[in-house]
């Protein structure tokens with residue numbers, strides 16, 4: 001799912017960095033619509049490094065424009081999507097990726113949702129079981145005697 | 001004049017100290033007179049902060065630039081509306097609004113908490129007092145809005161132009177009402193821990209506060225989303241920005257709290273968990289305040305370079321979150337566990353809801369904080385953006401939304417899943433139909449789009465099925481069904497509306513994400529663009545002078561079948577000379593639930609201009625759905641059950657005819 005759900009705390013922080021929002025310019029776009037479509041998909045995963053959490057596809061900053069052009073140059077040169085991303089990361093660092101890599105350092109990031117969901121499920125299951133077991137606990141000696149007495153009286 | 005406001009603020013701090021300690025001590029000693037002090041002190045504290053807020057507002061209205069805060073954020077030429085909203089369009093003013101709302105809720109507890117047990121009321125007010133004290137100290141020590149300038153400058157520096165919008169009048173107050181509203185739930189939770197007692201009655205007192213805060217937060221977030229959508233000019237409605245996440249986390253946790261509190265109230269189960277959620281929800285609100293206010297988000301280093309404010313909020317954060325969690329750890333085990341239920345039951349469904357919402361909250365939390373963690377631990381910078389959240393948060397929402405219609409139909413304690421599934425056959429058939437029609441008859445529909453549309457229809461139809469079944473439509477005569485429908489508890493309507501709203505929001509998201517079309521091009525005057533089945537003609541640019549800006553206004557005409565203009569659309573680029581800042585004013589035209597969105601770029605010498613045009617199908621449903629959710633929450637708030645005391649009134653009315661008969 002892309003862009004899910006509605007928004008914002010102190011909107012001003014995000015807004016301050018926005019300025020005139022104008023992202024991809026017609027002059028930058030590639031003539032080949034297939035290649036351009038690939039460029040758009042890739043640029044949504046690249047961060048504008050001088051902006052606050054904005055992709056280069058959305059940003060009007062000069063640096064974002066440079067990156068868009070660079071990306072398209074690599075695509076024209078015949079690079080695969082992976083090669084383009086690797087090239088850009090090698091030049092600008094991992095900071096440029098909006099989707100962090102799957103590596104050991106980021107394992108906590110990618111692992112947390114799974115861990116919490118599984119851990120939570122186990123916890124819910126375990127506590128439900130223990131709760132269901134409670135009522136079936138055996139009666140204490142006194143209680144058993146009292147019960148027996150009552151039953152005898154009825155009989 | 002200004003000093004009155006300043007003095008009122010200091011006096012409020014002093015009262016806050018009293019509110020923090022005296023009722024608490026009174027509750028501990030069982031001294032009714034000491035406990036009774038809490039109420040009047042809370043109300044007076046609110047009145048004082050209101051006074052100081054009004055004073056600041058007047059200073060803005062009359063452009064008193066001898067106040068540093070007014071000088072930094074206002075300008076004499078600014079329209080009056082933005083002079084007033086500018087009060088909270090900056091750090092100091094927004095913190096004052098935060099405390100104003102906090103004490104407002106405290107005063108409400110004092111005013112309407114007459115039916116609370118005296119010790120609980122005293123303890124709740126004391127905890128509210130602690131929060132108030134901490135934030136008033138923060139304002140007075142690090143962020144005083146009443147600091148003077150001498151000599152006073154002639155003219156102010158104006159408010160950030162992007163904030164000069166009606167959005168600033170609505171979004172922050174709503175958001176803070178939500179954020180801070182959860183403080184009441186927090187105070188109730190901590191008070192319950194102090195007393196070591198928690199029962200179904202507690203949940204009944206907490207639920208209206210949770211509902212109210214949730215309604216406001218939903219509104220605040222939706223309003224912020226729409227504001228960002230039309231103001232930023234690139235047509236997105238949610239960016240997974242850390243600042244957005246800061247408000248989204250309390251919303252997710254608050255939604256979980258809303259649901260677990262139902263279980264606690266109705267079935268006395270999930271007590272300890274509900275308590276923990278109440279603490280966590282407000283902790284996330286505090287965390288949000290810290291993230292937004294400390295500057296830590298831009299970089300750990302930006303935070304370190306001006307640490308006074310950040311460190312102060314960090315201390316407040318540690319004190320309240322750490323303290324309440326420690327208290328929880330100490331006391332929670334002494335609270336008795338609640339009722340028993342089968343996994344397939346309404347309780348079970350609500351536990352599932354909580355599991356997924358909690359996981360979603362944790363996902364957003366780790367995604368928001370991980371870059372800070374990596375920078376702090378490894379000294380490396382990474383980004384966590386939209387693609388991460390789409391991959392993690394998205395899949396978590398799908399199973400959650402898929403089981404929503406089952407929840408309200410399952411019986412308490414032990415439900416019959418097969419029977420419920422049978423009752424939902426109609427809704428399921430409808431959803432399947434929508435998915436198939438979307439998949440096969442709409443151009444460019446992906447599998448995701450078909451499933452999303454089906455899921456949205458499933459939520460909407462499921463909510464309607466709930467109402468239909470509970471009023472017996474199809475089983476009893478229409479007249480009786482109508483009477484039953486009208487007589488349904490308000491909370492049943494609330495649930496159905498909130499779930500229906502969720503479906504609408506999802507429909508809007510699916511519509512935009514899967515079916516929007518976009519055109520980026522250079523348009524000459526007179527040129528016509530075809531988009532989303534509409535013809536849009538660019539008529540030209542004209543300069544316009546506003547009160548404190550100049551703008552180039554692009555004029556567009558929407559053309560009918562015969563080429564005649566049937567509607568107009570204006571999109572502009574503004575320039576605010578005081579701040580030397582350009583902004584875009586997107587041109588938006590709503591047609592049905594969809595919108596045509598035009599954003600202007602640079603113009604060329606020959607009068608043509610770069611434009612970015614979107615056709616956004618069903619986009620308004622995103623916020624419309626949130627509005628329906630809010631209405632649902634509000635209707636639920638009107639439920640007789642929540643207006644404690646109402647049941648006794650009803651009894652007397654019922655007794656009357658008996659008396660007549662005698």
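Residue-by-condition table, conditions (1) outside the structural domain of residue B:508 (by TED's automatic domain parsing); (2) crowded, with 20+ Cβ neighbours inside 10 Å; (3) modelled with pLDDT of 90 or more; (4) closer than 27 Å to residue B:260 by Cβ:
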{"residue": "B:400", "(1), (2), (3), (4)": "yes, no, yes, yes"}
{"residue": "B:414", "(1), (2), (3), (4)": "yes, no, no, yes"}
{"residue": "B:430", "(1), (2), (3), (4)": "no, no, yes, no"}
{"residue": "B:439", "(1), (2), (3), (4)": "no, no, no, no"}
{"residue": "B:451", "(1), (2), (3), (4)": "no, no, yes, no"}
{"residue": "B:459", "(1), (2), (3), (4)": "no, yes, yes, yes"}
{"residue": "B:464", "(1), (2), (3), (4)": "no, no, yes, yes"}
{"residue": "B:481", "(1), (2), (3), (4)": "no, no, no, no"}
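Flag not set for residue B:22, criterion: buried (at least 24 other Cβ atoms within 10 Å of the Cβ), modelled with pLDDT under 95 and in a helix (DSSP H, G or I).
Name the residues in region B:387-413 that are part of a loop (DSSP other than H, G, I, E, B) and touching a helix residue (DSSP H, G or I) at 6+ places or on another chain (Cβ under 6 Å), would you? Show your work before the answer.
Restricting attention to region B:387-413, the residues satisfying the condition of being part of a loop (DSSP other than H, G, I, E, B) are B:404-405, B:410-413.
The answer is B:404, B:405, B:410, B:412.
Being within 14 Å of chain A (Cβ to nearest Cβ) and part of a helix (DSSP H, G or I), is that true of even one residue in region B:108-117? Checking region B:108-117: not a single residue is within 14 Å of chain A (Cβ to nearest Cβ) and part of a helix (DSSP H, G or I).
Kindly establish whether residue B:177 is out of contact with any strand residue (DSSP E or B) (no Cβ under 6 Å at 6 or more places or on another chain), more than 13 Å from residue B:124 (Cα to Cα), touching a residue at least 60 places away in the same chain (Cβ under 8 Å) and part of a helix (DSSP H, G or I). Spelling it out, residue B:177 is indeed out of contact with any strand residue (DSSP E or B) (no Cβ under 6 Å at 6 or more places or on another chain), more than 13 Å from residue B:124 (Cα to Cα), touching a residue at least 60 places away in the same chain (Cβ under 8 Å) and part of a helix (DSSP H, G or I).
Number of residues in region B:605-626 that are touching a strand residue (DSSP E or B) at 6+ places or on another chain (Cβ under 7 Å) and on the phi < 0 side of the Ramachandran plot equals 12. Exactly one residue among B:507, B:496, B:477 is at pLDDT 90 or above and either more than 19 Å from residue B:226 (Cβ to Cβ) or more than 13 Å from every other protein chain (Cβ to nearest Cβ) (or both), and that residue is B:496. Of all the numbered requirements in (1) at the interface with another protein chain (Cβ under 8 Å from one of its Cβ atoms); (2) modelled with pLDDT of 90 or more, residue B:386 misses one, and that requirement is (2). Condition (residue is out of contact with any helix residue (DSSP H, G or I) (no Cβ under 7 Å at 6 or more places or on another chain), at the interface with another protein chain (Cβ under 9 Å from one of its Cβ atoms), over 20 Å from residue B:521 (Cα atoms) and surrounded by 15 or more Cβ atoms within 10 Å (Cβ to Cβ)) applied to region A:30-52: is it met by at least one residue? The answer is no; no qualifying residue exists.
Residue B:439: more than 30 Å from the chain's Cα centre (by Cα), within 18 Å of residue B:499 (Cβ to Cβ) and in a helix (DSSP H, G or I), yes or no? No; evaluated as a whole, the condition is false for this residue.
Suppose the filter is more than 27 Å from the chain's Cα centre (by Cα) and buried (at least 18 other Cβ atoms within 10 Å of the Cβ); does residue B:56 pass it? For residue B:56, the condition - more than 27 Å from the chain's Cα centre (by Cα) and buried (at least 18 other Cβ atoms within 10 Å of the Cβ) - is not met. Output the residue which, of all residues in region B:589-617 that are touching a residue at least 40 places away in the same chain (Cβ under 8 Å) and more than 14 Å from every other protein chain (Cβ to nearest Cβ), is nearest to residue B:215 (Cα to Cα). Per the criteria, the residue is B:593. When restricted to residues that are crowded, with 23+ Cβ neighbours inside 10 Å, more than 8 Å from chain A (Cβ to nearest Cβ) and touching a helix residue (DSSP H, G or I) at 6+ places or on another chain (Cβ under 7 Å), region B:361-383 contains 3. The residues in region B:539-572 that are surrounded by 18 or more Cβ atoms within 10 Å (Cβ to Cβ), part of a strand (DSSP E or B) and within 14 Å of another protein chain (Cβ to nearest Cβ) can be counted, and the count is 4.
Output yes when any residue across region B:140-162 is modelled with pLDDT under 95, farther than 27 Å from residue B:41 by Cβ and assigned to a helix (DSSP H, G or I), and no when none is. Yes. The single condition among (1) surrounded by fewer than 23 Cβ atoms within 10 Å (Cβ to Cβ); (2) touching a helix residue (DSSP H, G or I) at 6+ places or on another chain (Cβ under 9 Å); (3) assigned to a helix (DSSP H, G or I) that residue B:65 does not satisfy is (3). Of the residues that make up region B:209-216, is at least one more than 13 Å from the chain's Cα centre (by Cα) and more than 12 Å from chain A (Cβ to nearest Cβ)? Scanning region B:209-216, I find at least one residue that is more than 13 Å from the chain's Cα centre (by Cα) and more than 12 Å from chain A (Cβ to nearest Cβ), so the answer is yes. Please determine, by comparing only the residues of region B:340-357 that are surrounded by fewer than 22 Cβ atoms within 10 Å (Cβ to Cβ) and within 7 Å of another protein chain (Cβ to nearest Cβ), which one is nearest to the chain's Cα centre (by Cα). Checking each candidate, the answer is B:355. Looking only at residues of region B:259-287 that are in a helix (DSSP H, G or I) and more than 20 Å from residue B:324 (Cα to Cα), we find that the one that is modelled with the highest pLDDT is B:259.
The values are calculated or read from the model by the stated rules, or taken from the named source; none is laboratory data. What you are looking at is a predicted structure, and each value in this text was computed from that prediction instead of being measured. With ideal geometry, Cβ positions are generated from the backbone for all residues, glycine too; neighbour counts draw on all protein chains shown.
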